[in-house]
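Read the structure below first, then the notes.
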Amino acid sequence: MKTLLFAATLTACASAFAQSDAPATPTGQDAPAEAAPAEATPATTAPAAEPVKAPPPFTLGRSVDKPGKSPFATDMQLDRPPNVYVIPMEGYMGVDIHPIVYDKILKDVKEKKPDLIVFRLASSDGRGTEKYMEAVNEAQKEDKIDPRRLASGITDYRDLAAKLRTELASFPTVMYVQDSRGVSCVYALAWPYMFMSPDARIAGLDIVAALGGGNDADIKAKMFSAWTGIAKGILELGGRPQELCDALVRPDRKLSADIDGRSTKWRADTLGSWYVIDSTDEVSARFSSKIAEDTGLADGVAVDMADLMYLLGYPEYTLVDSGEKIFRDTNAAWRKRYRESKKWMEDYQEPMDDERDLAKRKQILEKMLANFKQSPQFARMWEWTRGLSEDQLKLLIEQLTEQIRAYQKQKQGTSGGGRSGGGRGGPAGPMGPGR
Amino acid sequence: MRPLAALTLVAAIAASVPALEQGAFAQSGAKQQQVKLQKGTWWGAVGDRVEITFKDSLSTKTLTGTVTKIDADKGVVTVDAEVDGKQVTRPLFASSIVSMKTVGGATPAGSAKPAAQPAGKSGSAAPAAPAAKPTGKVDAQGYQLDANGFRIAPQKGVFRLPWKGGVGQTARAEEIEALAKEADKWGPGQIIVIEIDSPGGLVTEIFEIVDVIAKTRERHRVVAWIREAISAAAVTSMQCDEIYFRSMGALGAAMMIRGRDSVYGEPLDAFRTELGAIIEKNGRPRMVFEAMVLAKPVLTYTKDPVTGKPTFHDKVTGLPGEVILSDEKDNLTFNASNALDSGFSKGTADTDEELAKLLGLKEWYEVSDYGVKMATNFQKLYEECEKDLQLQQQRLNIDRAGGAEEQIAVQIQIMEKILAWHKRCKPCIEANLGPNAVEQIQKELKELRKRLGEMRQAQGG
């Protein structure tokens with residue numbers, strides 16, 4: 001854990017602000033009998049009897065009538081700087097952002113018992129561009145996953161979001177979007193309180209609509225409706241209204257907004273008195289941080305974590321970064337093996353000099369299989385980037401075993417070659433391009 | 001004259017169902033209906049002889065008579081009774097009824113007045129309430145039994161069934177039927193919660209499912225709790241008494257398809273006609289189902305500005321506040337918010353406790369874990385079988401080093417493995433290989449064994 005402290009001047013300013021802008025504090029809460037825990041405020045110079053107190057200087061962007069526990073200082077009324085646990089969601093949906101990581105993090109959260117949880121989302125599905133086809137073309141490059149493939153895991157993403165919501169229901173939670181393009185947008189909006197970094201976007205959820213298919217209008221309508229319905233379900237976790245959900249998922253829907261004070265009424269047309277967000281039938285609605293903030297979709301724009309905390313009303317906070325560490329360590333471990341495995345598979349593809357190379361190839365595949373079993377993320381990365389599955393590995397290993405046996409038999413001069421099977425004409429063997 | 005079994009049913013249900021917080025009539029589709037009174041509820045049907053205490057202007061009156069009509073929409077119970085020596089038909093608002101009890105059996109505990117014996121009813125009828133008094137008897141599993149031989153649950157609860165995966169594959173009629181039979185052990189009036197999480201599946205299975213649910217509803221309250229109910233799973237949900245959503249739930253998109261094509265003509269007509277009628281019979285508008293099947297049908301809803309009561313429309317009316325759920329290019333899929341707002345669902349719950357409240361239970365309590373164990377074990381077995389089946393089929397293609405004889409021997413091994421899977425998980429094998437596949441495998445196996453025998457004989461000779 002590391003403690004962050006803003007400049008003393010800022011704290012002083014905040015305290016002054018707090019006194020003037022604070023809601024009435026119930027009698028008896030003015031002077032807590034107990035001092036703040038020492039480890040929570042190691043750098044605080046205030047005497048124990050006068051802990052750093054909420055309420056905070058600002059309630060900027062604070063929205064009304066949101067479901068879930070409010071993360072704002074004015075609502076939490078802590079008598080010390082909060083312990084803030086950051087849960088990262090970074091990289092590829094379904095690969096880096098995988099349930100296996102969050103099972104570990106959930107366990108850790110329950111041990112650390114933070115005051116506030118921040119989901120930090122930075123996932124652009126490997127896209128360097130917003131345009132869908134360019135994204136698909138880019139996906140052909142090494143290690144890029146086709147955005148449609150990523151989007152097809154949407155029911156898994158839904159289940160993970162629901163699990164995180166349920167398991168963390170007792171904590172005030174806020175989503176901090178550093179970048180969200182493609183299917184990760186469902187996470188950007190699955191929590192009611194959401195902030196964005198200045199250059200963040202929420203865009204490209206129409207990838208889900210592209211999952212449909214079929215040969216006639218009715219089957220297309222069915223598939224379209226089913227996929228978009230599932231995606232909208234995740235957005236509803238964040239309490240987002242139907243007009244907004246529709247426009248985010250469906251290219252054929254428009255979106256504008258009427259804004260009255262802090263409340264926004266989303267409209268499925270272009271007649272909104274304030275903002276027209278999406279006026280085309282070509283793409284779904286997309287938000288820059290400015291539009292998101294202006295329309296109240298985002299509760300605010302924060303440059304970094306400290307800024308986010310400040311906007312929530314915490315000039316001071318204690319960062320619990322073990323979630324970041326778990327995320328980094330778990331993903332770094334399999335990614336390291338993944339990088340190594342690409343080299344293994346290059347070796348596998350090398351031309352063979354003689355039959356001894358068959359044994360080497362088999363060893364490589366066995367090593368691959370062991371990693372597939374050990375890490376679902378490793379396995380998924382291979383499957384989603386190159387179409388290699390655990391079953392295929394098993395079959396290739398069995399084929400190699402038979403070929404090795406056949407060579408050995410040939411060598412021993414025994415009869416019955418390996419190529420005299422039952423005439424089923426199986427798939428190309430694992431001999432690779434070398435023969 | 002109603003049979004004794006039906007009378008027992010009324011009495012047992014009356015004893016076991018707590019007051020609900022929903023509308024006066026929670027179940028208008030079934031024979032047995034629930035009436036919410038000023039305090040508590042009454043369960044029964046037309047033809048029941050009842051004793052009713054009700055508010056009439058400033059006074060409270062009691063009458064005994066026979067229920068002739070239960071109007072679910074208006075919340076009115078009509079009773080034929082003898083008042084001052086005259087036979088009268090008296091409609092009563094459920095909200096004016098202080099208490100109402102079936103007088104077919106023993107008087108409820110605490111009541112000083114002996115119950116009148118209804119005409120034509122056996123004196124051995126089950127008590128109206130409470131039925132769940134232990135008799136001291138226990139069944140083979142150690143459960144306490146009541147006077148009717150039903151198991152006694154420590155408290156009112158639910159029977160949960162995780163219904164996950166493809167319809168006809170891991171989400172089937174069999175599990176619903178089996179759980180209903182399990183619930184029967186605790187007597188009628190149990191709450192069966194089907195947790196639906198399915199992308200749809202076989203149309204052939206859906207007719208069996210709606211049939212099983214219809215039969216189950218005759219004796220229990222069947223609730224659908226939606227995570228994902230697409231296509232055939234949407235139809236399954238609409239056959240239940242009540243539908244609740246999870247926040248992320250989605251329900252709809254029910255067009256019949258084969259591969260990448262829609263199915264039209266006679267099969268689709270039969271699907272729309274038969275299932276449309278069933279859904280309508282359940283009190284859900286046929287137009288809702290129609291909008292889920294084809295793209296063209298439109299579905300909108302408006303809400304009465306005074307009562308807030310929603311009404312569905314099959315065209316855009318232009319009425320103020322109209323919400324378009326499905327347009328001419330679209331297929332209907334509900335989410336939690338519009339399902340609730342339009343009255344299609346009865347509530348949204350993300351946790352067991354939230355659902356318990358909506359069901360009118362004090363807390364979430366699972367009477368038996370039978371449904372959960374049965375379903376999860378089967379789903380696990382099915383997945384294992386499907387995965388291995390795919391692998392085994394591909395293994396058939398691998399050339400064996402030992403030549404033709406070994407090739408045949410391995411093929412025999414693989415086919416025997418598939419047959420063993422068929423014994424353990426017949427639905428999976430049939431779904432993946434077809435209903436007649438096993439016969440073909442057996443035939444081929446016989447042939448391969450013969451060939452192998454001949455080869456070995458030739459080598460030996």
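Here B:P108 meets each of (1) at pLDDT 95 or above; (2) assigned to a loop (DSSP other than H, G, I, E, B) with one exception, condition (1).
The single residue among B:I194, B:I213 that is outside any helix (DSSP H, G or I), more than 14 Å from every other protein chain (Cβ to nearest Cβ) and touching a Cys at 6+ places or on another chain (Cβ under 8 Å) turns out to be B:I194.
List the number of the failed condition for A:K163; all other conditions in (1) within 12 Å of chain B (Cβ to nearest Cβ); (2) on the phi > 0 side of the Ramachandran plot hold. Going through the list (1) within 12 Å of chain B (Cβ to nearest Cβ); (2) on the phi > 0 side of the Ramachandran plot, A:K163 breaks only (2). In the set A:V186, A:V174, only one residue is in the same structural domain as A:L106 (by TED's automatic domain parsing) and either touching a Pro at 6+ places or on another chain (Cβ under 7 Å) or not β-branched (V, I, T) (or both); that residue is A:V174.
Restricting the range B:228-247 to residues that are more than 8 Å from chain A (Cβ to nearest Cβ) and assigned to a strand (DSSP E or B), the residue that is surrounded by the fewest Cβ atoms within 10 Å (Cβ to Cβ) is B:E242.
The set of residues in the range B:269-278 that are surrounded by fewer than 18 Cβ atoms within 10 Å (Cβ to Cβ) and of a type outside the set (G, A, S) comprises B:D269, B:R272, B:T273, B:E274. Out of curiosity, is A:A203 within 14 Å of another protein chain (Cβ to nearest Cβ), of a type in the set (A, V, I, L, M, F, W, C), out of contact with any Gly (no Cβ under 7 Å at 6 or more places or on another chain) and surrounded by fewer than 24 Cβ atoms within 10 Å (Cβ to Cβ)? Against the criterion (within 14 Å of another protein chain (Cβ to nearest Cβ), of a type in the set (A, V, I, L, M, F, W, C), out of contact with any Gly (no Cβ under 7 Å at 6 or more places or on another chain) and surrounded by fewer than 24 Cβ atoms within 10 Å (Cβ to Cβ)), A:A203 does not qualify. If we scan the range A:337-351, do we find a residue that is modelled with pLDDT of 85 or more and within 14 Å of another protein chain (Cβ to nearest Cβ)? No, that holds for no residue.
Regarding A:T270, is this residue more than 10 Å from every other protein chain (Cβ to nearest Cβ) and under 26 Å from A:S70 (Cα atoms)? For A:T270, the condition - more than 10 Å from every other protein chain (Cβ to nearest Cβ) and under 26 Å from A:S70 (Cα atoms) - is not met. Residue count for the range A:212-235 satisfying the condition of being at the interface with chain B (Cβ under 7 Å from one of its Cβ atoms) and either closer than 19 Å to A:A190 by Cα or not in a helix (DSSP H, G or I) (or both): 10. Go through the residues of the range A:241-252 one by one and say whether even a single one is away from chain B (no Cβ under 12 Å), free of Cβ contacts under 8 Å to residues at least 12 places away in the same chain and not in a strand (DSSP E or B). No: zero hits. Residues that are outside any strand (DSSP E or B) and more than 8 Å from every other protein chain (Cβ to nearest Cβ) were ranked within the range B:248-263; the one that is surrounded by the fewest Cβ atoms within 10 Å (Cβ to Cβ) is B:G259. Considering the conditions (1) touching a Gly at 6+ places or on another chain (Cβ under 8 Å); (2) away from every other protein chain (no Cβ under 14 Å); (3) part of a loop (DSSP other than H, G, I, E, B); (4) not aliphatic (A, V, I, L, M), A:S256 is excluded by exactly one of them, (3).
In a residue-by-residue description of the range B:279-293, the property of being crowded, with 23+ Cβ neighbours inside 10 Å, facing chain A (nearest Cβ under 9 Å) and not in a loop (DSSP other than H, G, I, E, B) applies to at least one position.
Yes or no: the range A:176-186 includes at least one residue that is at pLDDT 95 or above and within 14 Å of chain B (Cβ to nearest Cβ). Checked against the condition, which is being at pLDDT 95 or above and within 14 Å of chain B (Cβ to nearest Cβ), the range A:176-186 yields at least one hit. Considering only the range A:198-220, I want to know if a residue exists there that is without any contact (Cβ under 8 Å) to a residue 24 or more places away in the chain and acidic (D, E). Yes, the conditions are met somewhere in the range A:198-220.
Of the candidates A:A231, A:A257, A:A217, the single residue that is under 17 Å from A:D294 (Cβ atoms) and either in the same structural domain as A:T295 (by TED's automatic domain parsing) or not polar (S, T, N, Q) (or both) is A:A257. Which of the residues spanning the range B:325-342 are surrounded by fewer than 20 Cβ atoms within 10 Å (Cβ to Cβ) and at pLDDT 95 or above? If the condition is that a residue be surrounded by fewer than 20 Cβ atoms within 10 Å (Cβ to Cβ) and at pLDDT 95 or above, then B:L340, B:D341 are the ones that fit.
One line per residue, one yes/no per condition, for (1) more than 27 Å from A:F372 (Cβ to Cβ); (2) of a type in the set (A, V, I, L, M, F, W, C); (3) surrounded by fewer than 18 Cβ atoms within 10 Å (Cβ to Cβ):
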residue	(1), (2), (3)
A:A247	yes, yes, no
A:S263	yes, no, yes
A:D299	yes, no, no
A:L308	yes, yes, no
A:P315	yes, no, no
A:L319	yes, yes, no
A:G323	no, no, no
A:T330	no, no, no
A:K343	no, no, yes
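The values are calculated or read from the model by the stated rules, or taken from the named source; none is laboratory data. All values reported here derive from a predicted model rather than from experimental measurement. Here Cβ is always computed from backbone atoms with ideal geometry, including for glycine, and neighbour counts include all displayed protein chains.
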